[in-house]
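Contents: one structure, followed by commentary.
The values are calculated or read from the model by the stated rules, or taken from the named source; none is laboratory data. Computed from a predicted structure; not experimentally measured. Neighbour counts run over all protein chains shown; Cβ positions are idealised from the backbone, glycine included.
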Amino acid sequence: MHTYLKALLTAITLVLSSGVMAAIETYQFATPEMAERFADLTVELRCPKCQNQNLSDSDSIISKDLRRQVKTMVDAGKSDDEIRTFMVQRYGDFILYDPPFKAQTLVLWLAPGVLVVIGLLVVVKVRRSKPAAPVALNEEEQAQLDELIKQKKENP
């Protein structure tokens with residue numbers, strides 16, 4: 001019975017740990033410069049599926065395909081600009097971590113500055129606003145207050 005339990009635990013461990021063994025992609029390049037260009041491009045280009053991962057860090061299927069595409073283009077002698085242009089034509093400016101400054105990306109570039117200015121204006125406005133002056137009580141209200149204070153002192 002002891003050996004069956006041991007075999008069962010071994011089987012469970014193997015099944016649960018199989019997800020940990022992910023394939024590591026390795027690419028062979030003709031020169032170290034080509035390998036460096038590939039590494040730089042895959043860090044610079046964003047995964048179209050993932051929220052905020054570059055091609056180098058993503059395990060998505062599309063990122064794997066795009067890494068292969070980048071390798072093929074590097075091997076074919078394409079320049080970095082040609083590879084970026086190809087990717088932008090196919091996936092739009094979203095694929096670049098550093099999108100160009102143009103009409104379509106104007107909001108991306110200007111929104112942070114505009115939000116900071118608005119925040120500063122709100123802070124200045126709040127600091128300059130004066131608290132409301134206390135409202136004076138009329139004679140009847142003052143008399144009622146004095147009566148309540150007198151009752152409180154007499155009956156603590």
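Residues of region 13-38 being modelled with pLDDT under 60, under 29 Å from the mean Cα position of the chain (by Cα) and part of a helix (DSSP H, G or I), which ones?
Gly19, Val20
Only one of (1) among the β-branched types (Val, Ile, Thr); (2) in contact with a strand residue (DSSP E or B) (Cβ under 9 Å, 6 or more places away or on another chain); (3) not assigned by TED's automatic domain parsing to the domain that holds Met34 is not met by Ile83, so which one is it?
Failed condition: (3).
Assess whether Gly113 counts as being more than 27 Å from Ser56 (Cα to Cα), without any contact (Cβ under 8 Å) to a residue 60 or more places away in the chain, surrounded by 10 or more Cβ atoms within 10 Å (Cβ to Cβ) and not assigned by TED's automatic domain parsing to the domain that holds Asp40. Show your work before the answer.
Numbers: more than 27 Å from Ser56 (Cα to Cα): yes; without any contact (Cβ under 8 Å) to a residue 60 or more places away in the chain: yes; surrounded by 10 or more Cβ atoms within 10 Å (Cβ to Cβ): no; not assigned by TED's automatic domain parsing to the domain that holds Asp40: yes.
Taking the combined requirement at face value, the residue does not satisfy it.
Looking at Ala111, Ala136 in this structure, which one is aliphatic (A, V, I, L, M), farther than 30 Å from Ala35 by Cβ, in a loop (DSSP other than H, G, I, E, B) and out of contact with any Gly (no Cβ under 7 Å at 6 or more places or on another chain)?
On the way: Ala111 fails: in a loop (DSSP other than H, G, I, E, B).
Exactly one of Ala111, Ala136 is aliphatic (A, V, I, L, M), farther than 30 Å from Ala35 by Cβ, in a loop (DSSP other than H, G, I, E, B) and out of contact with any Gly (no Cβ under 7 Å at 6 or more places or on another chain), namely Ala136.
For region 62-94, how many residues are farther than 16 Å from Thr31 by Cβ, part of a helix (DSSP H, G or I) and not hydroxyl-bearing (Ser, Thr, Tyr)?
18
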